[in-house]
Structures are given as structure tokens and as C-alpha cells.
């Protein structure tokens, strides 16, 4: 059994079969002198996912076994929280890590073989660079929200099959992995101490982000911006939301460095790309400083969550900032 493969792709059928062969119940794991460490690792795995990156340990056989066991533990904990947002972010981080392994150029023949194994298991039905439109629609539910090129209307469709571009197959495979990991599991007979861990995890996702910028007071942010920040952190943010967030903070006077910190919670965050976009929108590269859209435009995008009685999200923030400043004098 290739343990490294199982650790890289813990959602696979082979990984499940290996864990089943250990014949361990959740109660056995709790009492085991070595395997009990996987419970703490499971909690760490979820926290790592919330921070956007999972790092499976493959130093030796014991480390790999513990890492592999931490995956079902993590899924149990995530399901116990009952938080759909946490489930989505966890699954996104797991899928992103698998995608990195599947696109790695090291040991290329081995990587290609792994792609085939996982592709066969996910049963996407991709043949000749095409996929049936029903499967395609299921897989692009998140992608199409922030990348319009994934929308079906922007694709060539022939006899019910969507034509794919180079590299699309691996991105769709990543999305299939994400959806698989988001499938609910039965947690009715899980010990009470696991529920306590789940409560701790739930407390870490209250609020909009773990990233704090000194110049910004979260209490003054309009509801629409808070909602977009939450979507950003969960990896389900739309292209329009990205633009509104960027221009909102640019027009509040934040520098590129601080705005990049805010965007760094996005599971597929690319620092170089984000920095370039912020410098472009702020006018550093383009010579034109882009304005944040007003409330009518935000409403037309379906991003308004409450009637705040203002015409612009910047006015909402500045009015509350001025009110607090006057009270503190």
C-alpha cells in the first residue's frame, strides 16, 4: 500500500479501505497510545484549513498513519459544528491541497498516474476534452460566481457536451473533490468530547475574518461589505464582490499591503496577482483610481443584504466613524 498516495488523497476509496483495515472505532482511537494523537491533529487540520492551507505530514510511516487518521477526524469535527460555511471552507482547502499534488511537476509520470486514478474514481466522464453539461453545471456552482468564463453561456456546447480548455479538467476534478468532501456524514454516535472540540472550532469562525487591520473598525462596516468579506473567507465570493471590496478599502485609504492582508483569507489567494490588481485599481499602475460602486449598483448585483438608509457603503462607514469620534471627544 502506497501510504504517501493515501495521505495526499485521503478522500479516495483506497484511503478509506486502508483505514477500514485498521479495524479501529472512534472509541478505540481515543484510548490508543499512538493513534489518539490523530484527534488533536484532526482539530489542527480544520484550523489549518480555516487559515487556507493544509500540510500533511509524510516524514515516516507513523506520521503518515496519523495524518491519514486526522482526515476522518477532521470531517467528523466539521460536521459536528453544523456550520455550512465551515464545511465549505474546510472542503475547499482539502481540495486545493489535492489539486496542488495533482498539478505538481515533481515525479511527473507518477503525478500523471495519480491524476488518472483520481479522475477515474471521481467519474467525471470527461472524454475527448468534453463533459456532459449536467455534470458541468454541478461542478461550476462556485467557480462561475467569481469567474464568468465558467458560466455555461460562455462555453461551447455540442450535443449536450461542454468543450473544455487546457487545464479545465483538473480544475473540475478539484471541484469534484470539494463536493465529495462536503457530503454530510453521520455524527449521531460521536463522543461528547468531540462536540466540545467542534464548539471551539465554531467560535473561530464568528466574525468576518481573523485578519485585523488597525485602520479599520469592523463595527463601522456596512452589512453588504461584511457579507462579502464572509464570502471571501469561505471561498464563495463573486467577481463583482471582489471588485467592490477592493475599491471600498482603496477609497477608505488603505494601502496595498493592508488590502492584500484582507484578501489573504481567500482559499485560492495569489499574492502576486492580488497585489497587481490592487495597484491597478488604486491608480499606481493605471493612472486611474477606481471608485467603489454605490448602493444601487450593489443592489443590482444582488449583494445588498439590508436597507441601511444610505446611498453608498463608504458613507455608511464614514457616518458611523464620525459619530463615534464625536462621542469620544
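The values are calculated or read from the model by the stated rules, or taken from the named source; none is laboratory data. Note that this is a predicted model, so its numbers are computed, not measured. As a convention, Cβ positions derive from the backbone with ideal geometry for all residues, glycine included, and neighbour counts pool all protein chains shown.
Could you list all residues from the stretch 193-222 that are outside any loop (DSSP other than H, G, I, E, B) and either at pLDDT below 80 or surrounded by 13 or more Cβ atoms within 10 Å (Cβ to Cβ) (or both)? Please lay out each step first, then the result.
So the first thing to find is which residues in the stretch 193-222 are outside any loop (DSSP other than H, G, I, E, B), and the list is 193-203, 218-220.
Result: 194, 195, 197, 198, 200, 201, 202, 203, 218, 220.
Determine which member of the set 30, 75 is farther than 29 Å from residue 233 by Cα, in contact (Cβ under 8 Å) with a residue 12 or more places away in the chain and outside any loop (DSSP other than H, G, I, E, B). Let's see the steps before the verdict.
On the way: 75 fails: farther than 29 Å from residue 233 by Cα.
Result: 30 is the single residue among 30, 75 that is farther than 29 Å from residue 233 by Cα, in contact (Cβ under 8 Å) with a residue 12 or more places away in the chain and outside any loop (DSSP other than H, G, I, E, B).
Would it be correct to say that residue 87 is outside any helix (DSSP H, G or I), at pLDDT below 95 and surrounded by fewer than 20 Cβ atoms within 10 Å (Cβ to Cβ)?
Details: outside any helix (DSSP H, G or I): no; at pLDDT below 95: yes; surrounded by fewer than 20 Cβ atoms within 10 Å (Cβ to Cβ): yes.
Judged against the criteria, residue 87 is not a match.
Hey, could you check the stretch 122-142 for residues that are buried (at least 17 other Cβ atoms within 10 Å of the Cβ) and under 23 Å from the mean Cα position of the chain (by Cα) and say which is modelled with the lowest pLDDT?
Checking each candidate, the answer is 142.
Go through the stretch 1-13 and count every residue that is within 18 Å of residue 177 (Cα to Cα) and surrounded by 15 or more Cβ atoms within 10 Å (Cβ to Cβ).
Selection size over the stretch 1-13: 8.
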